[in-house]
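What follows is a set of notes on a single structure, which appears directly below.
Nothing in this text is a laboratory measurement; each read-out follows from the coordinates by a stated rule. Just so it is clear, the model here is predicted, and its values are computed rather than measured. For neighbour counting, all protein chains shown are included, and Cβ atoms are generated from backbone atoms with ideal geometry for every residue, glycine included.
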Amino acid sequence: MTRIVLVHGIAQEFKGPETLLADWYPALSDGLALAGSRVARHEVSMAFYGDVFRPSGHRGVGVPEWDASDIHDGLEHELLLQWWESAANAEAGVASPNARARVRSPRLVKQALNALSQSSFFAGLSERLMISSTRQVRRYFTEPEIRKAVQSRVTRQVSEDTQVVVAHSLGSVVAYEALCAGPDLPNMTLVTLGSPLAVRNLVFERLLPRPREGYGRWPAPVKSWTNIADRGDIVALVRELAPLFGERIRDISIHNGAKAHDVGPYLTAQETGQAIATALRGGGADG
């Protein structure tokens, strides 16, 4: 019986559903405990899609040996610059790109990668992993078969018992599109964490179904939607979804500490626990 479906974000291709649940379930339980609720492990499932992006037939181990010259023009390049600008605005230790030319070049990309390596979110990640992250976003939006395969992982986990979908980062885009494409799915609550859904040009205009007159569609199965974001989250970029998706969304701002985009602090927050607990009790966003 799956009451909660979890949807992860980028850079999980070398893990698996049980590996991720080993980290997510304790954090989820801590947040629910603060809200006076609990859920059993067998009532939670992970909609895992990381393997869709796992390299195949590569002689090396892990991520291919990409460097700055492998960043594609368009979405990958612009996304990298957006992350850089956001990180510089959020953290004093990250050099600002504002005075630099925005013409695409390996040197500029290298500067962006170096600057992001100083940010709290990307600290410890290699250039290859940062490039891999931008590539996953680009492939999701530009390769229809990838998009379809990833979304199917969400709908496969949803059952008549599902009361809430909790989606982090790119997973919020996946969950949103999957629920929009499934009008016959059971009614449920959607909780998005660190979501980039409202990022103009890079994400919002690329959504399916396409936004109409500047507004995103409301997923038919969703009876209640709570969006939670840390103001220092450099991936979310735009922290409030209600202006683009409707006033029915409840936008909540929280503080996650140094790791603003990490899913752990999002799940352990009382605000997240309360949103999920309310859904499990059968209520809407306002309980």
Here, Thr19 and Glu78, labelled 7 Å along Cα→Cβ, have an inter-label distance in nm of 3.3 nm
Tell me which aspartates and glutamates have Cα within less than 13 Å of Lys15's Cα, excluding those fewer than 8 residues away on the same chain? Asp23, Asp51
Any lysines whose Cα falls less than 27 Å from that of Lys110, other than same-chain ones fewer than 8 residues away, would be Lys259
Could you let me know the centre-to-centre spacing of the stretch 176-201 and the stretch 1-31, using Cα atoms, in angstrom? 17 Å
Final fewest-first order of Asp23, Asp233, Asp161 on the 10 Å Cβ neighbour count is Asp161, Asp23, Asp233
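With 10 angstrom as the radius, rank Met188, Met46, Met1 by how many other C-beta atoms surround their C-beta, starting from the fewest.
By the 10 Å Cβ count, ascending, the order reads Met1, Met188, Met46.
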Between Thr155 and Gln111, what FRET efficiency follows from the Cβ-Cβ distance if R0 is 35 Å, with the result rounded to 0.05? 0.30
Taking every other residue with Cβ under 14 Å from the Cβ of Pro17 and scoring Lys and Arg +1, Asp and Glu -1, one gets +1
Reachable lysines from Lys223, criterion Cα separation under 26 angstrom, eight or more residues apart if same chain: Lys148
Of the candidates Pro221, Ser172, Gly74, the farthest towards the positive dipole end of the chain (Lys/Arg Cβ +1, Asp/Glu Cβ -1, centred on the Cα centre) is Gly74
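Report the gain in length on full extension from Asn187 to Gln270: 0.36 nm times residue separation, minus Cα-Cα distance, nm rounded to one decimal.
Details: separation 83, 0.36 × 83 = 29.88 nm, distance 2.39 nm.
Gain in length upon complete extension: 27.5 nm.
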Of (1) 18.3, 54; (2) 19.4, 62; (3) 19.2, 58, the label for Rg and Dmax of the Cα atoms in Å derived from the coordinates: (1)
Can you find, among Ile234, Met1, Asn201, the residue sitting farthest towards the positive end of the charge dipole of the chain, where Lys and Arg contribute +1 and Asp and Glu -1 at Cβ? Asn201
Take every Cα pair under 8 Å in the stretch 237-287 that's 6+ residues apart, average their separations, divide by the length, and report that relative contact order as a whole percent. 20 percent
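With runs of 4+ DSSP H residues as the only contributors, calculate the mean residue ellipticity of the chain at 222 nm using -39,500 (n - 2.57) per run, divided by the residue total and rounded to the nearest 500. Each step should come with its number before you reach the end.
Details: 9 runs with 107 residues, N = 287.
Mean residue ellipticity at 222 nm (helix-derived): -11500 deg cm²/dmol.
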